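Taking it in order: structure first as structure tokens, then the write-up.
The values are calculated or read from the model by the stated rules, or taken from the named source; none is laboratory data. All values derive from a computational prediction rather than experimental measurement. With ideal geometry, Cβ positions are generated from the backbone for all residues, glycine too; neighbour counts draw on all protein chains shown. In case anyone asks, the SASA skips ligands and DNA or RNA and just uses the protein heavy atoms, side chains included. Shrake-Rupley method; radii C 1.70, N 1.55, O 1.52, S 1.80 Å.
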Amino acid sequence: LANCRWVGRARSVSVATARRGRSMADEDIRMIRAQVYPSLTGNAQYTRLGEEAGYSGLPVETAGNQDQYTASLDAEQLLYTGGSVRAALQAAKSYRDEADLEIGRSEADLARIIAKAYYAVLYRTEAVSVARESVDQLARLEQEARLKYEQQVLSEFEWLNAQVSLANEKPLLTAAENQLAIARANLRNLLYLDDDAWSLDPAMDAPPVDARLSLLQSLARENRWELKQAEVNLDVLEADIRVTQGEYFPEIKAFYSYYGSDPYQYDLSSDGWEWQWMAGVKATWNLLDGGDRSARKIEKSLRKEMAADSIRDLERQIDLEVETAWLQLQQAQRNLDGAQNTIRLAAKALDISRARYDKGLATNLEFTDRNLELNKARIVRMSGLYEYQAALADLRYACGTDELPLQ
């Protein structure tokens, strides 16, 4: 099972998507952080005039070239934004934390699905084994009945009953083999395997969970990814509110520009590049926006309140998930306990029926019924084991951890 989970996690598209989401969050942080670093922009322009440029009232010989060239190197440094950039950076970091939690949730959900598929294959494999043993046993019984009929120590009716029992059991074997093929195909698809040349460890036990329901629900509230994501989302919404608050303050930037032109823009008759520079500070302040910022701030505050309220509903939902898995686990354990005793009784009854049949004291129908009861008991036990492991996988996911208090 550990190997299957490792392979599935390495090849899963959903897990890979969650990891890409984390990488995207890292890039968001880089993009926001870039705003606090200086920017440097180069510009160049060539213009062809339709006629020579000159100064009004000056002789024609002072006219400049029709070919105009300009170039500049411009730098800017953000100095102040009212805390908007800092808040946006905090929001981006919270997004990254949320993406990390999503990776954990995706991997845990995949582990749960793979565990169920894994134990389904073991259950269906045992079901095929039981059905095949039953067919073989009934086939031997049919052969014995035929020989006894030929020796005239058994009636034709008993032989026909043996043939009918064998014929009725064969479709059950075919159905069990088909269900096993489907279960293997499902697991193979989860693990992205290209062929069916693999086998599983047949061990399947039912380790009892030694914990009160309240303790398991406490574990879930501490570990569930969705709860942690909801709490991180509150941080994101709070940072988003601070971004909007920062818009009430001016944005201040320092700038520097080194630029030149050919011909010189103040002497169109000049020949060659002329360069100069300038530097300064500029402030942009949105003084009136018709209430847009105020409306957006109120909307974001309401979204934060809604998110906070939804956490309580999420906690109740998680409590219910834990309780449901816990109850299913208890039911599967009771079914297992009962099935084990039933197998013992059914096996003893079959041995007695076989002995009676060999001595001519029982009919083929009696032996077939005892055989059917034993097979049903074995299938019920394997079904109980599968249901137990499926419920255990659900409980581990519901609690947000594989470390449950097991006996």
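When restricted to residues that are more than 18 Å from ASN43 (Cβ to Cβ) and assigned to a loop (DSSP other than H, G, I, E, B), the stretch 264-284 contains 6. Checked against the criterion of being more than 30 Å from ASP201 (Cβ to Cβ), at pLDDT 90 or above and open to solvent by 30 Å² or more (accessible area, probe 1.4 Å), the candidates LEU73, LEU160 yield just one match: LEU73. Does the stretch 209-249 hold any residues that are under 28 Å from GLN389 (Cα atoms) and of a type in the set (A, V, I, L, M, F, W, C), and which are they? VAL209, ALA211, LEU213, LEU215, LEU216, LEU219, ALA220, TRP225, LEU227, listed by residue number. Per the conditions (1) closer than 28 Å to GLN331 by Cβ; (2) among the charged types (D, E, K, R); (3) buried (at least 17 other Cβ atoms within 10 Å of the Cβ); (4) in contact with a Leu (Cβ under 8 Å, 6 or more places away or on another chain), the sole criterion not satisfied by ARG184 is (4). For the stretch 285-296, residues that are within 29 Å of PRO38 (Cα to Cα) and in a loop (DSSP other than H, G, I, E, B) total 5.
The residues of the stretch 247-263 that are part of a loop (DSSP other than H, G, I, E, B), open to solvent by 60 Å² or more (accessible area, probe 1.4 Å) and in contact with a strand residue (DSSP E or B) (Cβ under 9 Å, 6 or more places away or on another chain) amount to a single one, PHE249. Being over 30 Å from LEU237 (Cα atoms), surrounded by 17 or more Cβ atoms within 10 Å (Cβ to Cβ) and modelled with pLDDT under 80: is that true of LEU365 here? So LEU365 does not fit the description; no. Checking each residue in the stretch 142-155 for being modelled with pLDDT of 80 or more, aliphatic (A, V, I, L, M) and touching a helix residue (DSSP H, G or I) at 6+ places or on another chain (Cβ under 6 Å) picks out only ALA145.
Is it true that ALA332 is more than 24 Å from GLN179 (Cβ to Cβ), assigned to a helix (DSSP H, G or I) and open to solvent by less than 20 Å² (accessible area, probe 1.4 Å)? No: the conditions fail for ALA332. Listed conditions (1) open to solvent by less than 60 Å² (accessible area, probe 1.4 Å); (2) within 27 Å of GLN331 (Cβ to Cβ); (3) in a helix (DSSP H, G or I) are all met by ASP240, apart from (2). Inspection of the stretch 65-74 identifies no residue that is assigned to a helix (DSSP H, G or I) and of a type outside the set (Asp, Glu). Among GLU321, GLU299, GLU373, GLU315, which is free of Cβ contacts under 8 Å to residues at least 24 places away in the same chain, charged (D, E, K, R) and in a helix (DSSP H, G or I)? On inspection, the qualifying residue turns out to be GLU299.
Which is at pLDDT below 90 and either closer than 19 Å to TYR266 by Cα or assigned to a helix (DSSP H, G or I) (or both), of ALA16, ALA53? Criteria check complete, one pass: ALA53.
Take the conditions open to solvent by less than 10 Å² (accessible area, probe 1.4 Å), under 30 Å from LEU1 (Cβ atoms) and at pLDDT below 85 and apply them to ALA339. Does it pass? So ALA339 fits the description; yes. Scanning the stretch 170-211 for residues that are touching a strand residue (DSSP E or B) at 6+ places or on another chain (Cβ under 9 Å) and within 29 Å of ALA10 (Cα to Cα) gives a single hit, PRO207.
Does ALA206 count as open to solvent by less than 50 Å² (accessible area, probe 1.4 Å) and part of a loop (DSSP other than H, G, I, E, B)? Yes: the conditions hold for ALA206.
It is to be established whether one or more residues within the stretch 215-233 are open to solvent by less than 80 Å² (accessible area, probe 1.4 Å), closer than 22 Å to ALA88 by Cβ and part of a strand (DSSP E or B). Checking the stretch 215-233: not a single residue is open to solvent by less than 80 Å² (accessible area, probe 1.4 Å), closer than 22 Å to ALA88 by Cβ and part of a strand (DSSP E or B).
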